[in-house]
Structures are given as structure tokens and as C-alpha cells.
1. Summing +1 for each Lys or Arg and -1 for each Asp or Glu, what net charge is found among the other residues whose Cβ lies under 13 Å from the Cβ of A:Gln156?
2. Quantify how strongly other chains surround peptide B:35-43 by giving the mean number of their Cβ atoms within 10 Å of each of its Cβ atoms.
3. Could you check the simple spin-label distance between B:Leu184 and B:Leu123, using points 7 Å along Cα→Cβ, in nm with one decimal?
4. Peptide B:180-187: average number of partner chain Cβ atoms within 10 Å per residue?
5. Give the distance, in whole Å, between the Cα centre of segment B:1-28 and the Cα centre of segment A:208-278.
6. Would segment B:62-217 count as rounded, prolate or oblate if I go by the C-alpha gyration tensor, calling it rounded below 1.5 in a/c and otherwise prolate when a/b exceeds b/c, oblate otherwise?
7. Going down the table (A:Lys90/A:Lys270; A:Lys90/A:Lys130; A:Lys218/B:Lys156; A:Lys130/A:Lys269; A:Lys113/A:Lys162; A:Lys113/A:Lys164), which pairs top 27 Å between alpha carbons?
8. Name the long-range amide H neighbours of A:Val224: under 5 Å, sequence gap of 5 or more, or other chain; modelled H, no Pro or chain starts.
Amino acid sequence: MTTDGLKWQMKVARSKFLRLFVLGYASAMILAACNSSSSNPATSSSPTTSALGQELTVGTEGTYPPFSFRDLKTGELTGYDIEVAQEVAKRLGRPIQFVPTQWKSMLASLDAKRFDFVANQVTVTPEREKQFAFSEPYTVSGTVVIVSNDNPKKIQGVADLKGKVVGTTQGSNFAEVAQKAGAEVKYYSGIAQVLTDLQQGRIDAALNDRLYVLTELKKSDYRVKAVGESFGKESTAFVFNKDSEPLRDEVNQILGEITKDGTLDGISKKWFGQDVSN
Amino acid sequence: MSVTNLLISSLPLLLKGALTTIWISLLGILFALIIGLAVAILRLSQKRIPGRIAEIYVSFFRGTPLLVQLFIIYFGFASIIRFTPFQASIIGLSLHFGSYISESFRGAILSISKGQWEAAFSLGLNPTHTFLLVILPQAWRRAIPSIWNSLIDVVKASSLTSVVTVEELTNIADQISSASAVVLPILLEAAAIYWALTSLLDIAQRYLERRYRYTDS
């Protein structure tokens, strides 16, 4: 560009016109920040102690049947974890709002206090306990190895995973189990993608929760099966931000109540046909 | 449930997600265009400081993944400003694609010959009027095809906002395919909806190109 051209454009930049644009954009953003409140159920709550009637916000995947998924007939979220959380909210006297969140941003959201707690089969681990506050467990399960029906690598259990390609969901604790077993881990956004790739032979095996395998795998058309015994007894519980321990204690009290009066057992039998809560 | 039934019964849910996708895309497009033009002018102004800031802005937002930017805006800023998922998505999309669009505008403005400026000045127009009435209309016409690439990208990239818990089309499709264990047909259904949405942008592009086409020789 010639110096003449540059000079003209310098003048342009100094003009009011540009300032108008910057100002316009700034005010538009501020307006947007003030107005748009749709699709953000989690913002109004600052998770401290539970106040009667104040909305309880709960993070959940909504893509993990039978624990947390969308009922395609009603369009509502449902599942074992959802129903336990709903029962807890009912007894706290607070309305409940679920926030469907991908697993990879679930704990980050909890950390940023985007919701009060997580109801999503979160396994209690020492690492997570350092960062977060767990409730009493409401599920006890284990991990199983899943292979395709023809099982070309002849995998019979977790001991056979060494050197094999194992699929798991992003950020799940199954990834750690697979690594410990010496497997090469491939990450997927959801269990549906894992199982699809498994039956297409791109991965040798998958790891998942025994309860998931008990219920969902049977219902679906995936040409996959579980092999070996389940291993690594695991407890899952609601997860809270460390700052929300008072709320956690209230929830624990209610979990104790619904265990004693058989409500939890009822929800468990409804979804799994057996008591999975201890 | 047969796959056909599932595709039909899942349509209302998917369309609800599509509505969110449309809102995010429209607002993202609007702000990306505004940012793009403002940044292009800043960079062309040759003012040392604002020009440099604009350059760094383009370099960062064009040079890092939108996914990471969304995480930073939604989680990273949470302790300072708590954007709602919807706000964080619009800010992320408009800043990300504003950087591309600013380059489209800049290239188009630079492509207008110096003679146009000189002719306008000789007619007594001041620099602001010259830019608004003579240069920008010509540049806009040249910028349309490359800007539209970015606008279509905004619609598709809005699928990433599910990581900051927005329940848009892809997120809903994920939920349906997990609940039903039917993956590919549902994804194809979602893809068809995306295609329909971006086709509307195609139509708008054709209309604009016709409207602003050169009529002189």
C-alpha cells in the first residue's frame, strides 16, 4: 500500500465511526449479559447451605442409561441417579433442576460452582476426595470387560488387556483401570460411541460399570458381551464442592433416612431388579 | 422401537435443540460481523497500539481451538464473571469467528484501489464518508464469499457449546443416541437439520451476491 493510502486510512480510524462501533459492540455485549437468562438454570444458585424452597441444581450427563438419561417418550431426564436425587430434593423441600453436562466438563463445572452437586455414578476415589466432598455412597458396583461377540483377541478378563486397545469415555476412571492393566486407551465422548467402535473392531475391548452391563447391554442391539468376573469394588456417591459441606451433611442425613425406610431399595429394584445400594 | 419410529419421535426434541442452535448462531454471527469489521479497521488504521492489540487478538483467537476458548470463558472466568452457558457460547463464537471475518474484511478493503480514495477526495468527501460510502460497499461485495464461509462455520461450530452445558442440537442428539443405543441414524438426522440451517445461509449469500453485483462495465 502506498503512503497516501495509509494516510487516508489513519484518518478513517480516528473518526467517530470507529468509536461508534466499539461502543456499540460493548453495549450490545452488556445488554446480552443482562438479558439472556434462558438455558442457564445453574447461575442463580450460589451453593451454600440449603434454604427451603430454593432450587437445587444438579449436574448429570443425561447420556448414561439406566442412571441418567432422557426418556424419549416424555422428553424428561430419568434414571436411577435422577430418581435418587429427586427423592433427596423432595425431602429437603427444594425444587430440583438438572443441568445436562458432558462428563469432561462435569467436575470443572462443580469446581466453578455451576451446580450444587453431581448425580452421575461418580466413583469415590482418593484423588477426587482431595478435591471434592462426597456424600455417603448410594451404589456399589464394579468394573467389567466388554468385548465384541466374536472376540477376535480372545480376551477373557482384565488380565488379558495388556497391549490391547481399550475404549473408554473421556475422563472416566475406567481409563485408569485400563492403563494399569497395560492397555492402550482410546477415548470417546460417550458409551454409545465406545460400543459402536467395539463391534466394528476398531478397539479390542471396553471397560464399563457392571450395572450398566447388567441392564442396558441386554436391551440394546450391540453385538457385544461381558467377559470375566467384575472386579474392583467401587462405590458411587453424590459429589459436592468442598464449600458445600453443610449441604452435603443434610443430603447424607436424607440418604440415611431413605436407606432405612426402604425407599432407596425400591428405586434400586425398579431399575436393576436387585439392591445395588450396598 | 424401530429406527423409523425413533427418528420421528425424536424430532420434536431435536428441533428444540435446533432452536437453541439457531439462537446461538444468529447472535454469534451478528457479533462476529461487528467484531470482524471493527478489528479490520483497527488493523488498517496503522495506529500503533490499537493496531497491535487487534493483531494479537486475531493471532490468538484464530490460532487456538474454539473448544479451549469456550473452556476458558466459561470456567476460567467463573471466579471473575459468571457467564451463563448461553452467554459464554456467544462470546466464544463471536470472538473466534470475528478473527477470521476481520481478515476477510481487511483483505477486501485492501483490494479496493487507491484511485477510489483519491476520486472520492477530489469530489470533496471526507475520509469517514469516503470509507462508508465508497470503499466499504465495494469491499463488502468482495468480502461476501469468504465471510460466508465463516458464517456457515459458526452454525457448525455451535455444536461445541455442548461442553459448556448448552443443550443444542448435537448435545440432544447425543442424549437420544445414548438412550436408544441408535447412533448413526440419529446423527444423520441431526446432520440433515444442520444442512437445512446452513442452506438458509447459502440462499442469503446468493441473494446478497446478486444484489451487490457489479452492474457497470
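Readers should treat all values here as calculations from the given coordinates under stated rules, not as data from a laboratory. For clarity, every value in this text was computed on a predicted model and none was experimentally measured. Cβ sites come from the backbone with ideal geometry, for glycine too, and all protein chains shown count toward neighbours.
1. Once positives and negatives cancel, what remains is +2.
2. Counting other chains' Cβ atoms within 10 Å and averaging over B:35-43 gives 3.
3. Placing both labels 7 Å along Cα→Cβ, they lie 6.0 nm apart.
4. 4
5. A separation of 31 Å, based on Cα centres.
6. oblate
7. Cα-Cα > 27 Å for A:Lys90/A:Lys130; A:Lys218/B:Lys156; A:Lys130/A:Lys269; A:Lys113/A:Lys162; A:Lys113/A:Lys164; rest within.
8. Hits under the 5 Å cutoff: A:Asn149.
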